[in-house]
Amino acid sequence: MRRIPIRQKLAAAMAVPLTGLVIVSALEVRETFEDAEGVRDQTELAQATLGPDGLVGALQVEGQHATAVIVGLDGGLNLPVSDNAEARRITDDAIRAFRQQTEARGGTTLEAYRPALDRLDELPEIRQLADSYTGEREITSGLSAGNELLSRYTSLTAMFFEADSRIAGAVEDRQLRTGTELINLASRRVDTGANLVRTLAVSYLGDNRIDPAAELPDIAVQMGAYDQQGETIQATAVGDYAPAAGELAASEPEQAFHDMMVEATQTLQVDVMELAQVNSATGESDLTTFRNRVAGVLADHADELNDAAGSRAWRLAVVAGVVVVLAFVATWLTSRSITRPLQALTAQATDVAQRRLPGVLREILHSPLGDDVAVPHLDPIVVRTRDEVGDVAEALGSVQRTAVDLAVEQAVLRRNIADSFVNLGRRNQNLLGRQLDFITELESDETDPDSLGSLFKLDHLATRMRRNAESLLVLAGVHPPRTWAAAINITDVVRSALGEVEGYERVEMRYVEPATVVGACAADLAHLVAELVENALHFSPADRLVHIRGQVRPDYYALAIIDEGRGMPAADVERANRRLAGTESFTVAPSKYLGHYVAGHLAARHGVAIQLMSPPAEGVTATITLPRGLLVSVPSEEEAKARAAAASQRALRSPFVPAAVLGPSPR
């Protein structure tokens, strides 16, 4: 099963809050930028609509100039254009720019100005009305046509005033909204003043006087509206707008126009030409200056708002970015603070499990049996952290120390067991040696065949007991005292082994090719063969034979012990071969397998290989492979075959020899 690294788990756990943080930060930044863009759009829209170069101002100038041309006052009025063509070009540019701005913004802004923009389709007709005038261009003749023309232009600007009022009400910033309202009021006052002059002119020029009953109330209402607009401007213009309003209130044309209107209502007479010129100066000079100054203050404040909104948006973006980066860095550092100790702990634990601890345990467990157990140094597990990973490291260190302590205890136990084996084995060996010597003396002096046979049986039992005592010494790792300097024939080694087992009569030794082994390994080799032959006799039926075969190979000598028992399962054969390899401790298996461990120890001592095989039919074959180093001489192939044939003819059945075939044990 594939494991998921802790780093990925931490990343997955932190992904949700980090993603939420990124989304919230992105939304806040986006909203802030949208607010800044909204402020910028509203200020630009207000300036484009109501400013001196905006659409409303352009329409007013065009309408006033067209009317002035019809009534013959174009030369006497203070207007910023020289002819109708210039006024119309400025208006067309303002209309085109305003359409682009509103269509780009869309939404409620476009919906608010759509009726006013649709009314601009009447502009060509209005211009055609101005161009089609053929009468005399003087105030008396052209007043009616001029009045109608100016009314048409005023109806267009009135639509924009209504839309401007709705847009201005949607502006959230108070100072920005105040500036927009002041520009709107100033533009409305221009129209109101123009309409007032037109009304006075129509009323006066009709019969050279103002009718106090029919015309004066309407004039008074318009004058009240004009004055009310002025008062509203003064009341609204606070803060940065107050200086511009103060200059407007103190301007001479403004005072002159007001005085002339009051005088007209009192005397019922008015100089229309002078009134128009004063109104023109007021509208196109004082009110234009006022609007310019208000627009300047509005633009400055809009720039401040835009800069502040932009700065706030960028600051928020930077702060959000820093927070997100810090969150990622904190996540990475946290992940690193956890994974690095874990990686170090994993590396050390793996090293302990695979190299350090096994090496120390092998060194402890392989301590010489006669020596005290020395505890080697084992580096502790060190992880530089103060969290739970450090606790795990300490726990693993405790496990490591406990394992070493158990290994030491096991080694001490093995040493004590080995000492007991050595002590017991040597005692038994001494006693059995003395017993065998005594039996040998009795055999040499006995002449009665029956008594001699009994002595032979007693000698056989003592020989078997001596092998068992030597097995204890083998398991304890002590070399046996029986060694010979002279080379021994392999057949004599096998016969000596048969003299140490019960039931040797059932062993058939045929086709054992001759060879000679070194004397130093003869006793151990006989002991090894005896253990394997005894196993074969024990696990085969009492009416079956155990066969021993020997064959010379180019680089070794193979000795096979074959029984006709029930065989062994493959798993048991594999475990038995491990025991016979001499690398497994005899303390891990039941005592019934001690013969395997004895044989394995003897084989490992001389480099002999033992292999069990269980054929599919029945029985088990134990093959003993003697390396070339244990062989003194090997006959030729022809000589080996001749000797094997002679041995087969004799049908040697492993007769028991009372005295050990290998000769007396040296004292």
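The table below gives the values:
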quantity	calculated
Qualifying position, being modelled with pLDDT of 70 or more, among the aliphatic types (A, V, I, L, M) and more than 30 Å from T334 (Cβ to Cβ), among A418, A403	A403
Members of region 237-261 found to be closer than 14 Å to V297 by Cα and part of a helix (DSSP H, G or I), listed by number	G239, D240, Y241, A242, P243, A244, A245
Residue list for region 344-361, restricted to those being farther than 13 Å from D379 by Cβ and buried (at least 19 other Cβ atoms within 10 Å of the Cβ)	L345, L361
Odd one out for E505, checked against (1) surrounded by fewer than 16 Cβ atoms within 10 Å (Cβ to Cβ); (2) in contact with a helix residue (DSSP H, G or I) (Cβ under 8 Å, 6 or more places away or on another chain); (3) not hydroxyl-bearing (S, T, Y)	(2)
Any pair with Cβ under 6 angstrom, 6 or more apart, that starts in region 96-114 at a residue that is closer than 14 Å to A163 by Cα and buried (at least 17 other Cβ atoms within 10 Å of the Cβ) and ends at one that is at pLDDT 80 or above and β-branched (V, I, T)	T109/T102; Y113/T102
The one condition in (1) in contact with a Leu (Cβ under 9 Å, 6 or more places away or on another chain); (2) assigned by TED's automatic domain parsing to the domain that holds D240; (3) modelled with pLDDT of 75 or more that E284 fails to fulfil	(3)
Matching entry among E148, E136, E181, E162 (being in a helix (DSSP H, G or I), assigned by TED's automatic domain parsing to the domain that holds L196 and over 30 Å from G239 (Cβ atoms))	E148
Verdict on A487 being touching a Phe, Trp or Tyr at 6+ places or on another chain (Cβ under 7 Å) and at pLDDT below 90	no
Region 587-611, residues that are modelled with pLDDT of 85 or more and surrounded by fewer than 18 Cβ atoms within 10 Å (Cβ to Cβ)	A604, R605, H606, G607, A609, Q611
Residues of region 219-253 satisfying the condition of being over 16 Å from R177 (Cβ atoms), in contact (Cβ under 8 Å) with a residue 12 or more places away in the chain and not small (G, A, S)	I219, Q222, M223, Y226, D227, Q229, Q234, P243, E247, L248, P253
Test: R579 is modelled with pLDDT under 90, part of a helix (DSSP H, G or I) and farther than 19 Å from A522 by Cβ	yes
Scope region 612-632; condition in contact (Cβ under 8 Å) with a residue 60 or more places away in the chain, of a type outside the set (S, T, N, Q) and surrounded by 13 or more Cβ atoms within 10 Å (Cβ to Cβ); matching residues	G619, V620, A622, I624, L626, P627, L630, L631, V632
Evaluation of E500 against (1) in contact (Cβ under 8 Å) with a residue 40 or more places away in the chain; (2) surrounded by 21 or more Cβ atoms within 10 Å (Cβ to Cβ); (3) outside any helix (DSSP H, G or I) (one fails), failing number	(1)
Yes/no for G565 being of a type in the set (G, A, S) and in contact with a helix residue (DSSP H, G or I) (Cβ under 7 Å, 6 or more places away or on another chain)	no
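Okay, residues lined up against (1) at pLDDT below 90; (2) over 60 Å from the mean Cα position of the chain (by Cα); (3) assigned by TED's automatic domain parsing to the domain that holds I561:
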residue	(1), (2), (3)
L473	yes, yes, no
V494	no, yes, yes
E500	yes, yes, yes
R510	yes, yes, yes
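Rundown of residues vs (1) among the aromatic types (F, W, Y); (2) over 29 Å from the mean Cα position of the chain (by Cα); (3) at pLDDT below 75, yes/no style:
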residue: P358; (1), (2), (3): no, yes, no
residue: E363; (1), (2), (3): no, yes, yes
residue: A374; (1), (2), (3): no, yes, yes
residue: V399; (1), (2), (3): no, yes, no
residue: F438; (1), (2), (3): yes, yes, no
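The values are calculated or read from the model by the stated rules, or taken from the named source; none is laboratory data. This one's a predicted model, so the numbers in the text were calculated from it and none came from an experiment. Cβ atoms come from the backbone with ideal geometry, glycine included; neighbour counts cover every protein chain shown.
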